[in-house]
1. Ranked from highest to lowest mean number of other Cβ atoms within 10 Å per residue, what is the order of the peptides 28-41, 77-90?
2. Taking the Cα atoms only, what angle lies between the long axis of helix 40-56 and the longest principal axis of the chain, rounded to 10 degrees?
3. Of the listed values (1) 18.5; (2) 21.1; (3) 17.1, grab the one calculated as Kirkwood radius over Cα pairs in Å from the structure here.
4. Modelling each spin label as a point 7 Å along the Cα-to-Cβ direction, I'd like the LYS35/ASP155 distance in nm, to one decimal.
5. Between SER42 and HIS59, what length comes free when the chain is fully extended (0.36 nm per residue of separation minus the Cα-Cα distance, one decimal in nm)?
6. For LYS41, go through the lysines and keep the ones whose alpha-carbon is under 23 Å away, minus same-chain ones fewer than eight residues off.
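Read-outs: derived from the displayed coordinates by stated rules, not from any lab. Just so it is clear, the model here is predicted, and its values are computed rather than measured. When we count neighbours, we look across all protein chains shown, and the Cβ atoms used for this are built from the backbone with ideal geometry, even at glycine.
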Amino acid sequence: MALSSCSPDHNSSCVACRVLLLIDVQVGMLADAPKGVPSSKSVHQNIQRILYQARAENHPPRIIHVRNTGEFGEPDEPNTPGWQLIFPPLPNEFVVDKLKNNAFAGTNLSDLISPDAEIVVVGMQSDFCIRATCSAALGRGNEVLLMKGAHATYDRLEVWNGGGVTPACRIEAEIQAELEEAGVILLDMKDLPGLFTDR
C-alpha cells in the first residue's frame, strides 16, 4: 500500500517518516533559459530521476509537491501554464500551495511532515524557498537532506558595488555551504540508489 500518513507512534527508523519534498518544481521555473533557471535541463533530469526512484521503492517515502502561488501577471500566477507542476502528482501524493518562501508558513505542510521525519529536498529557488524551507525544517527538528544538482536559482543582478552579475551556480554553492553549516546534509546524485532505503 502506498504511504499516505505517519502513525503517531512511529519510530525514527520507520520508512513512513521519510519525505521527498519537491519545492516549486513548476513549468515556469524549468522552462528553457532565460525564462527558466540557467540549469533547467540538468535540474529537470535530476529531479525526475529522484522522483522516479522514490516512486519505485517498495516502501516509498511520502511525496509532497509544493507549488508557489504568484501574484497577477507573474510567471506562476495561479491557473496559468507557468504555475503548473512539471510532474503530475499521483493519487497518493500531496500538493501544498504556498504564498511565502518558507513552505511551512501559512500551509498545512507541518501536518504532513512529522517533526522527526527525514526530509529529502529538491526544487527551486536555492536562495529563497529552498533556504527558507530547509531552515524551518531544521528548526522543527527534522533531518534535512539537500540534493546537489537538484536545486537551482537564477543569476543575480547586483545593485551595489558597481553592479555585475553573480552566476546562479555560485549562488547555489553558497546556499549549500550555508545550509550545510546550519546542519543540512548535502548529497550527490551518486547517492540516489540508496537514498530512500534503510541506512
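1. Numbers: 28-41: 17.5, 77-90: 14.2.
By packing density, highest mean first, the sequence is 28-41, 77-90.
2. Approximately 10 degrees, to the nearest 10.
3. (3)
4. If labels sit at LYS35 and ASP155, their model points lie 1.9 nm apart.
5. Working: separation 17, 0.36 × 17 = 6.12 nm, distance 2.71 nm.
Contour length minus Cα-Cα distance gives 3.4 nm.
6. Within the straight-line cut-off, LYS41 pairs with LYS148, LYS190.
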